[in-house]
């Protein structure tokens, strides 16, 4: 009986205070940095169309003496939010020196943090608050250095505390900076989805918000893979904004991208969008942090505020239905429905012609409104699998479906079929389609047309390679070939079988969390590697691979240089010496990289004296790294033919001794700037930095790395 009453209580509370849905503007929110609003400030937030405010609940400010909690400042905010019909997302953070320097990682500090959480939840229980576990624990907000094991340990204890104290309250996280796939996967594998009611991420980027859609698809997959059976855990955009001082941006672009960000998140399945920031944090014309706001520091509205308000009012009460494909992926048309009314939000995301969403009435056939929204993407590899995703059993009897598959930069479909809308007919048509082929490595675009007597209407989705992880290949010297998962890849739950053939020899390995060497395979100059990955009962052929080896047995041709803030101390030395033991191939010499950074933004780059021309189809750079356990991040840089620099992320140096590392040579795995400024790789590229050692967070530290066996794998 007690359990039944508790379940009914939870259901009632969550019905009264649900997570936001796709109705505008139920999930539009903003970050704030105050507890005591200025006169009229809450009204301005409400009038803009915002319905949520996100604010830190600072442990160290609330508990200044052990066991004594002062919530008085937050009482003012909670009361004011309630009065103005605004809901709060409280971030449970940060450390408290009363118990431990840095973030809670000892049993005593974790227990104290949970007592603070219990006090907060009891005080504000029943207010419709979202309780978020920390802010960006994957970067410097977790002190002294990010540690996913310590974060998970604390988050699990907090989850158990909230479920014991107030099981009906909403608990969300982990609020990562960006889509940190390895951090997220570790959180999910360790059981946090047993407690999280939603997953929050911060999708910051320097280009158009529309670029987030592949990330939402990948996150949806990852959550579903580890969710408890029977649960579909929502995704939330917990913090994301654009500073007017970002490279290539200004106030005009910020004001246009802000409403598009919210609409694109709806299209991506994230119904809550917290814009960063409510107001400019200061007035310094050169400080990036002072230019995120929707209003100026003195609360005067900026164009960003005006455009958000106009979009929220034009679509108030309308629920997002689906994206209608216009034939050009950079032309956007989102359908919204309110009862019998329809409205479409239209804009272009093409660089240089970015537009503000125009909201206009529509009168599409009822069948188009009933037509189910396509998912963001699919990994279907066979015709029947694809048909099950695209078919519509409830289509009108006179309707037909047309499927078109477009590879990257393809002007014409690789194949196109028309069929009745049922799965059996569509599967048969796809199976007989000339040219039917699932993507091997690059994402394709699928267009689905609903053909009605009055005309055709289209949706589109992305067609991804059949597995969510990337198998990378390495050949540090002619006598060995290795396979591993690259730095931007997820990790499979079970071993993956990789078969390979080169120069008449064949070999097979079982690959999981460590690199593996193919027994007996060689890759002399000019050799090609043919490989097949077997996973979940499917054999997926890979493109043929060649290797370019980069010598690292001499300092000749290499520069080891410091970058970042020139005022911060940096001491570097580069030499070529006999490598430490443990390297699994012969190397008389390896590059030895010593570094020492002062406190601040400083990093070091291993640059070739002249940029190295990358082969067409370059997939990854692999190298053996003797780590120092510093926690610094490895990256590299390459430049495409437009002059755009790409900076893919590699792993954090959390190991000592030799390890084979792979870093992607593709877009979508890190930052970019200059040139086309669109995050896409254009034409032939040049490697400008073979390895970048980034001190994250900016802190005083020193160490020593060794580098050997650099090879670049490329599709032939």
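Is it fair to say residue 478 is modelled with pLDDT of 90 or more and either on the phi > 0 side of the Ramachandran plot or assigned to a loop (DSSP other than H, G, I, E, B) (or both)? Give the derivation first.
Numbers: modelled with pLDDT of 90 or more: yes; either on the phi > 0 side of the Ramachandran plot or assigned to a loop (DSSP other than H, G, I, E, B) (or both): yes.
Yes: the conditions hold for residue 478.
Only residues that are in contact with a strand residue (DSSP E or B) (Cβ under 9 Å, 6 or more places away or on another chain), more than 22 Å from residue 20 (Cα to Cα) and assigned to a helix (DSSP H, G or I) were counted in segment 155-182, giving 3. Checked against (1) over 14 Å from residue 457 (Cα atoms); (2) in a loop (DSSP other than H, G, I, E, B); (3) at pLDDT 95 or above, residue 353 passes all but a single condition, namely (3).
Quick check on segment 304-313. Is at least one of its residues within 19 Å of residue 247 (Cα to Cα) and either part of a loop (DSSP other than H, G, I, E, B) or assigned by TED's automatic domain parsing to the domain that holds residue 236 (or both)? Please lay out each step first, then the result.
Taking segment 304-313 first, the residues within 19 Å of residue 247 (Cα to Cα) are 304.
Okay, now just the ones that are also either part of a loop (DSSP other than H, G, I, E, B) or assigned by TED's automatic domain parsing to the domain that holds residue 236 (or both), so 304.
Within segment 304-313, one or more residues are within 19 Å of residue 247 (Cα to Cα) and either part of a loop (DSSP other than H, G, I, E, B) or assigned by TED's automatic domain parsing to the domain that holds residue 236 (or both).
Of all residues in segment 65-87, which are within 30 Å of residue 145 (Cβ to Cβ) and surrounded by 13 or more Cβ atoms within 10 Å (Cβ to Cβ)? 69, 74 - these are the residues of segment 65-87 that are within 30 Å of residue 145 (Cβ to Cβ) and surrounded by 13 or more Cβ atoms within 10 Å (Cβ to Cβ). Residues that are at pLDDT below 95 and surrounded by 19 or more Cβ atoms within 10 Å (Cβ to Cβ) within segment 233-253 comprise just one, 246. Restricting 615, 608, 584 to residues that are surrounded by fewer than 15 Cβ atoms within 10 Å (Cβ to Cβ) and either more than 26 Å from residue 682 (Cβ to Cβ) or in contact (Cβ under 8 Å) with a residue 60 or more places away in the chain (or both) narrows the list to 584.
State all residues of segment 440-475 that are assigned to a loop (DSSP other than H, G, I, E, B) and either out of contact with any strand residue (DSSP E or B) (no Cβ under 8 Å at 6 or more places or on another chain) or modelled with pLDDT of 95 or more (or both); if no residue qualifies, say none. Selection gives 442, 453, 454, 468, 475.
Every residue, every condition in (1) under 20 Å from residue 558 (Cα atoms); (2) in contact with a helix residue (DSSP H, G or I) (Cβ under 9 Å, 6 or more places away or on another chain), yes or no:
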position	(1), (2)
617	no, no
621	yes, no
635	yes, no
647	yes, no
652	no, yes
659	no, no
671	no, no
683	no, no
691	yes, no
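Kindly indicate whether residue 230 is closer than 30 Å to residue 10 by Cα, surrounded by fewer than 21 Cβ atoms within 10 Å (Cβ to Cβ) and out of contact with any helix residue (DSSP H, G or I) (no Cβ under 8 Å at 6 or more places or on another chain). First the steps, then the outcome.
Values: closer than 30 Å to residue 10 by Cα: yes; surrounded by fewer than 21 Cβ atoms within 10 Å (Cβ to Cβ): yes; out of contact with any helix residue (DSSP H, G or I) (no Cβ under 8 Å at 6 or more places or on another chain): yes.
Spelling it out, residue 230 is indeed closer than 30 Å to residue 10 by Cα, surrounded by fewer than 21 Cβ atoms within 10 Å (Cβ to Cβ) and out of contact with any helix residue (DSSP H, G or I) (no Cβ under 8 Å at 6 or more places or on another chain).
Please enumerate the residues belonging to segment 128-142 that are surrounded by fewer than 21 Cβ atoms within 10 Å (Cβ to Cβ) and without any contact (Cβ under 8 Å) to a residue 60 or more places away in the chain.
Filtering segment 128-142 down to residues surrounded by fewer than 21 Cβ atoms within 10 Å (Cβ to Cβ) leaves 128-129, 139-141.
Within segment 128-142, 129, 141 qualify.
Quick one: is residue 475 surrounded by fewer than 18 Cβ atoms within 10 Å (Cβ to Cβ) and either in contact with a helix residue (DSSP H, G or I) (Cβ under 9 Å, 6 or more places away or on another chain) or farther than 23 Å from residue 388 by Cβ (or both)? So residue 475 fails the test.
When you go through 662, 702, 711 one by one, which is the residue that is within 22 Å of residue 214 (Cβ to Cβ), in a strand (DSSP E or B) and either in the same structural domain as residue 138 (by TED's automatic domain parsing) or over 18 Å from the mean Cα position of the chain (by Cα) (or both)?
That would be 662, the only listed residue that is within 22 Å of residue 214 (Cβ to Cβ), in a strand (DSSP E or B) and either in the same structural domain as residue 138 (by TED's automatic domain parsing) or over 18 Å from the mean Cα position of the chain (by Cα) (or both).
Surrounded by 15 or more Cβ atoms within 10 Å (Cβ to Cβ), at pLDDT below 95 and more than 24 Å from the chain's Cα centre (by Cα): is that true of residue 413 in this structure?
Values: surrounded by 15 or more Cβ atoms within 10 Å (Cβ to Cβ): yes; at pLDDT below 95: yes; more than 24 Å from the chain's Cα centre (by Cα): yes.
Taking the combined requirement at face value, the residue satisfies it.
The values are calculated or read from the model by the stated rules, or taken from the named source; none is laboratory data. Note that the structure is predicted; figures quoted are calculated from it, not measured. Don't worry about glycine lacking a Cβ; one is built from the backbone with ideal geometry, like all the others, and counts go over all protein chains shown.
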